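Q: Sharing a structure here in structure tokens format.
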Amino acid sequence: MNRNVLFAMGLTLLAPAAWAQTAAKLDPGSASQVIRNQEREHREMQNAMRYMEEAERRSWLKSAANLAKLRVKLAEAWQSLGLSPQGANLVAKAYDPNLAARMHRDLARGKSDEEVAEMLQSAIRQKRYLEADQLLIDYERNRLRMGANHTAEVSR
């Protein structure tokens, strides 16, 4: 978005200089046509910018709604693992997908259920809720993958 804004601002700032050079070479009738064309292009650029801003706003609202749904599901998963509703909500609300994307991933891969449970308990005891959330997500993904692989092997 920032590149687009900078491009539009640069185009807007450079347009008068380009027009001045062009208008000096043209007769008065074609100069007015150039002005009308530039005004039309400017309106089109403004409309495009408004559209991009609106699309970005809609995208942000959709992602915020998806994050809220994800946090609700995380809270439910934590409750099913024995946390109180308040504790489950506290841990789930700590999940931030932007920060989680930069974390070391797949800590649960190759670990037994008991090892993962200990890692989850340790993260919660140390109030590393984001790490606990991501570990739980990775664990569940691995379990689903393993279940899908097992189902595919059985059906052969």
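The values are calculated or read from the model by the stated rules, or taken from the named source; none is laboratory data. Model, not experiment: these values are computed from the prediction. Every residue, glycine among them, receives a Cβ derived from its backbone with ideal geometry; neighbour counts consider all protein chains shown.
Q: If we keep just the residues of segment 113-133 that are of a type in the set (Gly, Ala, Ser) and without any contact (Cβ under 8 Å) to a residue 40 or more places away in the chain, which is surrounded by the most Cβ atoms within 10 Å (Cβ to Cβ)?
A: Going through the qualifying residues, I end up with ALA123.
Q: Additional query: I'm trying to understand the selection: among the residues of segment 75-112, which are small (Gly, Ala, Ser) and without any contact (Cβ under 8 Å) to a residue 40 or more places away in the chain?
A: So the first thing to find is which residues in segment 75-112 are small (Gly, Ala, Ser), and the list is 75, 77, 80, 82, 84, 87-88, 92, 94, 100-101, 108, 110, 112.
Listed by number, the residues that qualify are ALA75, SER80, GLY82, SER84, GLY87, ALA88, ALA94, ALA100, ALA101, ALA108, GLY110, SER112.
Q: Additional query: Give the residues of segment 109-133 that are modelled with pLDDT under 90 and of a type in the set (S, T, N, Q), sorted by residue number.
A: The answer is SER112, and nothing else.
Q: Is it the case, given these coordinates, that GLN38 is modelled with pLDDT of 85 or more, surrounded by 10 or more Cβ atoms within 10 Å (Cβ to Cβ) and more than 30 Å from GLU140 (Cβ to Cβ)?
A: Numbers: modelled with pLDDT of 85 or more: yes; surrounded by 10 or more Cβ atoms within 10 Å (Cβ to Cβ): yes; more than 30 Å from GLU140 (Cβ to Cβ): yes.
Taking the combined requirement at face value, the residue satisfies it.
Q: Among (1) surrounded by fewer than 12 Cβ atoms within 10 Å (Cβ to Cβ); (2) modelled with pLDDT under 85, which single condition is ASP106 missing?
A: (1) is the only condition that ASP106 fails.
Q: Return the residues of segment 51-103 that are closer than 17 Å to ILE124 by Cα and either acidic (Asp, Glu) or touching a strand residue (DSSP E or B) at 6+ places or on another chain (Cβ under 7 Å) (or both); say none if nothing qualifies. Can you show your working first?
A: To start, the set of residues in segment 51-103 that are closer than 17 Å to ILE124 by Cα comprises 71, 74-96, 100, 103.
Within segment 51-103, GLU76, ASP96 qualify.
Q: When the residues of segment 69-103 are filtered to those that are at pLDDT 85 or above and surrounded by fewer than 11 Cβ atoms within 10 Å (Cβ to Cβ), which remaining residue is farthest from ARG145 (Cα to Cα)?
A: GLN86
Q: Is it the case that segment 58-67 has a residue that's in a helix (DSSP H, G or I) and either over 22 Å from the mean Cα position of the chain (by Cα) or buried (at least 17 other Cβ atoms within 10 Å of the Cβ) (or both)?
A: No: zero hits.
Q: Among the residues of segment 72-108, which ones are of a type in the set (Asp, Glu) and assigned to a loop (DSSP other than H, G, I, E, B)? First the steps, then the outcome.
A: So the first thing to find is which residues in segment 72-108 are of a type in the set (Asp, Glu), and the list is 76, 96, 106.
Of everything in segment 72-108, those that are of a type in the set (Asp, Glu) and assigned to a loop (DSSP other than H, G, I, E, B) turn out to be ASP96, ASP106.
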